[in-house]
Amino acid sequence: MKSLYLFLNLGSVLIPFIASFHPRLKFYKKWPSLCLSVILTSLVFISWDVYFTEINVWGFNPNYYLGYSVFGLPIEEWLFFVCIPYACVFMHYALLEIYPKICFNKKWGKWLTVILIFIFSGCLLLHYNKWYPFVNYSLAIGVLLFVQFKNKTLLDTYYKTFIVMLVPFFIINGILTGTGITNEVVWYNNLENMGIRLLTIPVEDVTYAFTLILSNLFLVDIFQRYKN
């Protein structure tokens, strides 16, 4: 199915896009801020993606995308960095609107940050000689520390909303990595990752998603403050 990756992208963003116009949420008002954040985060993540694809850390199955590429990445992969951040940032703000008290206790939030940095650092040190964990956990530690210092309130809410985001994450990323289909849409070179899978999903992908969405949320918050 050549259009599978495209359908997964569009399917992930369809409901959030329609719900953006709900009079209670009015998420469309955040579009300028989100657009800027997507552009800035994409500069990092797509550059990383292009390089990893070039050196075969991961790659894409031509049976599941339309066949058009830019800098070695299928256009569906470029679209991924628009659709997934849009859907997840929308989910974060929608949950805050519906459940305004969805927030970790400040003390527990601080300890969770410490625990995550400890886990990320351990993964980094144990697998520093493999490309995916080295880059993935280095960036995650840097972003987490920076947001902890600059906007701890965001982290306290994000920890809970990210748990909810993991439900669609396991569905979409599961299919991308081979769950329920004959082959993977995105394949991984196991010599360059930790070799641990959650179903078919490399465990590093969870942290990858965590960092990608947190980076977008942090920038959206900055741009919204500047706008206001």
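The values are calculated or read from the model by the stated rules, or taken from the named source; none is laboratory data. The model shown is predicted, which means the values in this text are computed figures rather than measured ones. Counting neighbours? That spans all protein chains shown, and the Cβs are built from the backbone with ideal geometry, glycine included. When the accessible area is computed, the model is the full protein with side chains, heavy atoms only, and any ligands, DNA or RNA have been set aside. Shrake-Rupley method; radii C 1.70, N 1.55, O 1.52, S 1.80 Å.
The dipole here belongs to the stretch 24-165: it is taken about the Cα centre, uses +1 on the Cβ of Lys and Arg and -1 on the Cβ of Asp and Glu, and is about 920 debye. Expressed as a whole percent, the accessible area of the stretch 92-170 that falls on carbon and sulfur atoms is 75 (1.4 Å probe).
The stretch 83-160 and the stretch 177-228 have Cα centres separated by 12 Å. The residues of the chain present an accessible area of 52 Å² per residue when probed at 1.4 Å with all protein chains retained. Cross-link check: pairs LYS29/LYS227; LYS160/LYS227; LYS30/LYS160; LYS30/LYS227; LYS101/LYS150 evaluated at a Cα-Cα cut-off of 19 Å; pairs beyond the cut-off: LYS160/LYS227; LYS30/LYS160; LYS101/LYS150.
Here the chain has an Rg and Dmax of 17.4, 50 Å, counting Cα atoms alone. The value of relative contact order for the stretch 86-228, using C-alpha pairs under 8 Å at least six residues apart, is 29 percent.
Here the Debye sum runs over all C-alpha atoms of the stretch 93-228 as equal scatterers in vacuum, and log10 of I(q)/I(0) at q = 0.09, 0.16, 0.17 Å⁻¹ comes out as -0.31, -0.91, -1.00. Summary value for the stretch 1-152: 26 percent relative contact order, contacts being C-alpha pairs under 8 angstrom separated by 6+ residues. With q set to 0.23 Å⁻¹, the log10 of I(q)/I(0) for the stretch 1-111, from the Debye formula over equal scatterers at the Cα positions, is -1.21.
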